[in-house]
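S.K.: Below you'll find the structure I mean.
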Amino acid sequence: MQAKNEDVTCIDTIMDEKFGKAGTPERDNFRKEAFAFCVGKIIFDARKSEKITQSELAFKIGTNKSYISRIEHGIVEPSAGLFLRIIDALGLKFEIVK
């Protein structure tokens, strides 16, 4: 028989307390912000790996440095088309599979 560990908490309980129940506007907003953060981190890491500046990436895809910065900081999400141009410029591959 396994003993109950009082220090273990269900992540759903924590998420519900901090960001509201699943399906609420607060929880949906958190998920959107978390997604934007993750996309920005992927782009930031790939850009650093390729050793190019935000300005260089912006020039390659036809935007400006401040927009790249806002994407990397998770402030804005790029459109699908811009995202595909970014990953192409960084030598990444995007694959849709079933």
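The values are calculated or read from the model by the stated rules, or taken from the named source; none is laboratory data. Fair warning: this is a prediction, and the values are worked out from it, not measured in the lab. Protein only, heavy atoms only, side chains kept; ligands, DNA and RNA dropped before computing areas. Shrake-Rupley method; radii C 1.70, N 1.55, O 1.52, S 1.80 Å.
S.K.: Which angle between 0 and 90 degrees, to the nearest 10, do you get for helix 25-49 versus the longest principal axis of the chain when only C-alpha atoms count?
M.R.: It is inclined by approximately 50 degrees.
S.K.: Quantify, in whole percent, the carbon and sulfur part of the accessible surface of region 54-98 (1.4 Å probe; protein heavy atoms only).
M.R.: Carbon and sulfur together cover 57 percent of it.
S.K.: Give me D for the chain in µm² s⁻¹, whole number, from Stokes-Einstein with Rh from the Kirkwood sum over alpha-carbon pairs, 37 °C and 0.692 mPa s.
M.R.: The Stokes-Einstein estimate is 209 µm²/s.
S.K.: List the lysines whose Cα sits under 26 Å from the Cα of K18, skipping any in the same chain fewer than 8 residues away.
M.R.: Here the lysines satisfying the reach criterion relative to K18 are K4, K32, K41.
S.K.: Rg over Rh of region 54-98, using C-alpha atoms and the Kirkwood radius, what does it come to? Intermediate results must be reported in sequence, preceding the final value.
M.R.: Numbers: Rg = 10.9 Å, Rh = 10.9 Å.
Value, to two decimals: 0.99.
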